[in-house]
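Colleague: Can you keep this structure in mind? I'll have questions shortly.
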Amino acid sequence: MLDFVDLEADLDEEERLIRDTAREFVTEQIKPDIGDHFEAGTFPTELIPEMGELGFYAPNLEGYGSPNVSETAYGLLMQELEAGDSGLRSMASVQGALVMYPIHAYGSEAQKERWLPALGEGEAVGCFGLTEPEHGSNPAGMETNAERDGSGYVLNGSKTWITNAPIADLAVVWARDRSSDDEPVRGFLVETDRDGVTTNEIDEKLSMRASITGEIGLRDVFVPEENVLPGVSGMKGPLSCLTQARYGIAWGAVGAARDCFEQAREYALEREQFGGPIGRFQLQQEKLAEMATQITLAQLLAYRLADLKERGDLRPQHVSMAKRNNVRTAREQSKVAREMLGGNGITTDYSPMRHMANMETVYTYEGTHDIHTLILGEELTGIQAFE
Ligand code: TGC
Ligand code: FAD
C-alpha cells in the first residue's frame, strides 16, 4: 500500500491493529460485493452490527462502551473504510461523528445511556438531519421548527439528502425552537417510529450508490422534553458535529485515492499494449508519479490534523483546508486512475470509476468545496464572503 514517506513507522501498536482490522474487513467483506451493491443501489445492512462489534463507530469517544482510541487510529479507520467505498465510511461517519458525537457532547446522562451503547454496537442506526430542500449550504436558514406543547415539543418541517434516514431508528434533527424569542437552533432526538415521521428513500443517485439516502418528513411530531439535547443551543451545535465528520472525510478521501492508485499501478504492470506492460510508457509513469505525490501530500495533512486534534488545538478552519484539499485530490486522481484502466475502467469490476462517482457527493456534502474555500477566505482575510 502506498506509504511513500513511511508514516507507518510512527504508528503505535493499537493504531496498526485498528488499521489492519479495518483493512481486513474491507478486503474480505466489502471488496467482493461492493460493485454489485453500487449497481443495485444498496448497502450491505447485514454488516452494520459486525461493524459495531469491530469498533468502527466513534471509537475515539470516551466511555459508554467507546474505547477512546487516538485520533490517528480513528483517522486510519476512516481511511481504510473509504478505500472500500465512500458509502461504507459514510455509514460509520454518520453513526459516529454525527449521531454519537452530539449525544456524547451535548446529551443528558439518560440520553447517553439509552443511545450510545446501542449505536456503538450497531444495534441501532442513527441519522443526522440538518439539510433542508431550500437550505443546504446555509443551514442557518432552516425552516424546521419546534413549538412548545405541554411536556414536550411538536416538530414540523422536512430534511433532505439524509444518509441512512430510511434505515434509521433515531434521527438527530436540528430545528428552530419557537418557544424562545431568538428562536435558537436546538437538537432533538427523534425516534423514527414516532407518529408523523416519514423517511422516504432518494433512489435516483448516480453517486454514492452503495449508501442509503433519504428525506425526513416531520408532521406534527411530538417529542418529550427529555429528547432535547440539553447541552447546546444555536448553530454551534450542528456545526461542531460537522467538524468531527469532516475530519473523518479528510482521512477517508485519502483511502479512496489510495485504492485508485493501487488499482492503476497494478493494471499498468499487467496490461500489455505494443508488446509490453503499459507501465513502461513515460506517460503512464508520469500519471503514477503525480498520483503518488498528491496522495502523499494529502496523507501528511491528515496526519497533522490528528496531532492537532489530539492536543486540543484543531480548529474548524484546519479541517476545512484538509476536507477541501483531500477530497479534491481524490476527485482528480480517481479520474486519472480511471483513464489508465482504459475501457475496463468504466466498469464496476474495477474501483476507480465507482470512487470517482462517489467523490461527486463527497465534494458536495459536509460543506461544498466552494463553502470550504470561503471559510478559508474568511480566515485569511477577515472578510466573510458567504452572502
Ligand atoms: P457562524 O455564524 O459562522 O457560526 C455559528 C456558531 O457556530 C460556530 N462554528 C463552528 N463550530 C464548530 N465547528 C465549525 N465548523 C463551526 N463553524 C461555525 C461559530 O463559532 C459560532 O459559534 P458561537 O458560539 O459564536 O455562536 O455560522 P453560519 O451559520 O454563518 O455558518 C456559515 C457556514 C457557511 C460556514 C456553515 O453554515 C456551513 O458550514 N455550511 C455548510 C453546510 C454543511 O456542511 N452541511 C452539511 C450537512 S450534514 C452532511 O452533509 C452529512 S454527509 C454525511 C455522510 O454521509 O458522511
Ligand atoms: P446548495 O447549497 O444549493 O449549493 C449549490 C451550489 O452553489 C454549490 O456548488 C455550492 O458550492 C454553491 N454555493 C452555495 N452557496 C454559495 C456561496 N455563498 N458562494 C459560492 N457558491 C455557493 N445533509 C445532512 O444534513 N445530513 C446527511 O446525512 C447528508 N447526507 C448527504 C448524502 C448525500 C449523498 C448528499 C448528496 C448530500 C447529503 N447531505 C446531507 C446534504 C449536503 O450536505 C448538501 O447537499 C450540501 O451541504 C450542499 O447543499 P445543497 O445540495 O443544497 O447545495
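Colleague: Which trypsin sites (Lys or Arg not before Pro) in region 269-342 sit in a loop by DSSP (not H, G, I, E or B) and have at most 14 other Cβ atoms within 10 Å of their own Cβ?
Modeller: Here the trypsin sites (Lys or Arg not before Pro) that fit, given the DSSP loop and packing criteria, are Arg311.
Colleague: Scan region 243-327 for chymotrypsin sites (Phe, Trp or Tyr not before Pro) in coil per DSSP, keeping those whose Cβ has at most 10 other Cβ atoms within 10 Å, and list them by number.
Modeller: Listed in order of number, the matching sites are Phe274.
Colleague: Pick out, from Ile162, Ala105, Thr368, the residue whose Cα sits farthest towards the positive end of the charge dipole of the chain, with +1 on the Cβ of Lys and Arg and -1 on the Cβ of Asp and Glu.
Modeller: Thr368
Colleague: Rank-order 70-82, 96-108 by packing density, defined as the average count of other C-beta atoms within 10 Å over each peptide's residues, highest first.
Modeller: On the way: 70-82: 26.4, 96-108: 24.0.
Highest-to-lowest ranking by the protection proxy: 70-82, 96-108.
Colleague: Let me ask another. At 4 °C and 1.567 mPa s, grab the translational diffusion coefficient of the chain from Stokes-Einstein with a Kirkwood Rh over Cα pairs, rounded to a whole number in µm² per second.
Modeller: The Stokes-Einstein estimate is 61 µm²/s.
Colleague: Something else now. Please state the relative contact order of region 190-255 as a whole percent: Cα pairs under 8 Å, 6+ residues apart? Could you put the intermediate results ahead of the total?
Modeller: Values: 38 pairs, mean separation 18.5, N = 66.
Once divided by the residue count of region 190-255, the mean separation gives 28 percent.
Colleague: I want to verify a result. In a Gaussian network model of the chain, Cα cutoff 10 Å, which of these has the top mean-square fluctuation: Asp85, Asp36, Asp259?
Modeller: So, out of Asp85, Asp36, Asp259, the one fluctuating most is Asp36.
Colleague: Here's another thing I want to ask about it. Considering only Cα-Cα distances, which of the following residue pairs are longer than 26 Å: Lys31/Lys236; Lys112/Lys205; Lys31/Lys205; Lys287/Lys309?
Modeller: On the way: Lys31/Lys236 38 Å; Lys112/Lys205 34 Å; Lys31/Lys205 21 Å; Lys287/Lys309 33 Å.
Flagged as over cut-off: Lys31/Lys236; Lys112/Lys205; Lys287/Lys309.
Colleague: Under the rule of -39500 (n - 2.57) per DSSP H run of 4 or more residues, summed and divided by the residues of the chain, what mean residue ellipticity at 222 nm is obtained, to the nearest 500 deg cm²/dmol?
Modeller: Per the formula, -15500 deg cm²/dmol.
Colleague: Enter the Cα centre distance for the pair region 174-191 and region 1-57, rounded to the nearest angstrom.
Modeller: Going from one Cα centre to the other spans 37 Å.
Colleague: Still on this structure: Using a simple charge model, +1 on the beta-carbon of Lys and Arg, -1 on the beta-carbon of Asp and Glu, nothing else, what dipole does region 124-230 show about its Cα centre, in debye to the nearest 20?
Modeller: Details: 9 positive and 20 negative charges, 63 e Å.
Charge dipole of region 124-230: 300 debye, to the nearest 20.
Colleague: With only Lys, Arg, Asp and Glu charged, each at its Cβ (+1 for the first two, -1 for the last two), find how big the charge dipole of the chain is about the Cα centre; round to the nearest 20 debye.
Modeller: Details: 34 positive and 65 negative charges, 209 e Å.
Computed about the Cα centre, the dipole is about 1000 debye.
Colleague: Would you please calculate the Kirkwood hydrodynamic radius of region 7-125 over all C-alpha pairs and express it in Å, rounded to one decimal?
Modeller: By the Kirkwood definition, the hydrodynamic radius is 14.6 Å.
Colleague: If we count other beta carbons within 10 Å of each Cβ, what is the order of Leu88, Leu314, Leu130, Leu300, fewest first?
Modeller: Listed from fewest to most nearby Cβ atoms, that is Leu300, Leu314, Leu130, Leu88.
We did not get these values from a lab; they are worked out from the coordinates using the rules stated. Keep in mind the model is a prediction, meaning the values are calculated, not measured. We place every Cβ from the backbone using ideal geometry, glycine too, and count neighbours over all the protein chains shown.
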